[in-house]
């Protein structure tokens, strides 16, 4: 897989997970399914929209139109799957980080955020590879 795909996934993930996460989502997702759902939905929408915008330019890169539509459908599946798994991972990790933050265990808090991000990126890389490079 070309390195630019890994980098694109990392940066889209960053924008979707942090830039499009409001303060209310960040604070309340550990105690409210409603806010967690909003966060996961925003995450999935960002992934889907960015991916579709990139794929709309694929014909200019010499890819046949029918293949572009097929890729858009795969990208929709990819985005939905990652939105769903993002919800599941954050359901657990947000509760753990809230616990550590409230107990003033800052190191454990940041380790948990690191684990959360490693899990998200692992899922992104594996699902991308499985759907687009299989």
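Which ordering of 67, 124, 133 is given by a fewest-first count of other beta-carbon atoms within 10 Å?
If I rank by nearby Cβ atoms, fewest first, I get 133, 67, 124.
Per 0.36 nm of contour for each residue apart, how much would the distance between residue 95 and residue 14 grow if the chain were fully extended, relative to their Cα-Cα spacing?
Gain on extension, residue 95 to residue 14, equals 27.1 nm.
Taking Cα atoms, how many degrees apart are the long axis of helix 3-14 and the longest axis of the chain, rounded to 10 and kept between 0 and 90?
Helix 3-14 and the main axis of the chain meet at about 40 degrees.
Using 1/(1 + (r/R0)^6) with R0 = 35 angstrom and r between the beta carbons of residue 126 and residue 34, what's the FRET efficiency to the nearest 0.05?
On the way: r = 29 Å, r/R0 = 0.83.
Efficiency, from the Cβ-Cβ distance: 0.75.
If each DSSP helix of 4+ residues adds -39,500 (n - 2.57) and the sum is divided by the residues in the chain, what number results at 222 nm, nearest 500 deg cm²/dmol?
Numbers: 5 runs with 107 residues, N = 134.
Estimated from H runs of four or more residues: -28000 deg cm²/dmol.
Please report the relative contact order for the chain, taking Cα pairs under 8 Å with a sequence separation of at least 6, and give it as a percent rounded to a whole number.
26 percent.
Tell me, what is the Rg over Rh of segment 1-124, with Rh the Kirkwood radius over Cα pairs?
1.05
What FRET efficiency do you get for residue 81 and residue 54 if R0 is 25 Å and r is their Cβ-Cβ distance, rounded to the nearest 0.05?
With R0 = 25 Å, the Cβ-Cβ based efficiency is 0.90.
We did not get these values from a lab; they are worked out from the coordinates using the rules stated. This is a predicted model, so every value here is computed, not measured. No Cβ is skipped: glycine too gets one built from the backbone with ideal geometry, and neighbour counts run over all protein chains shown.
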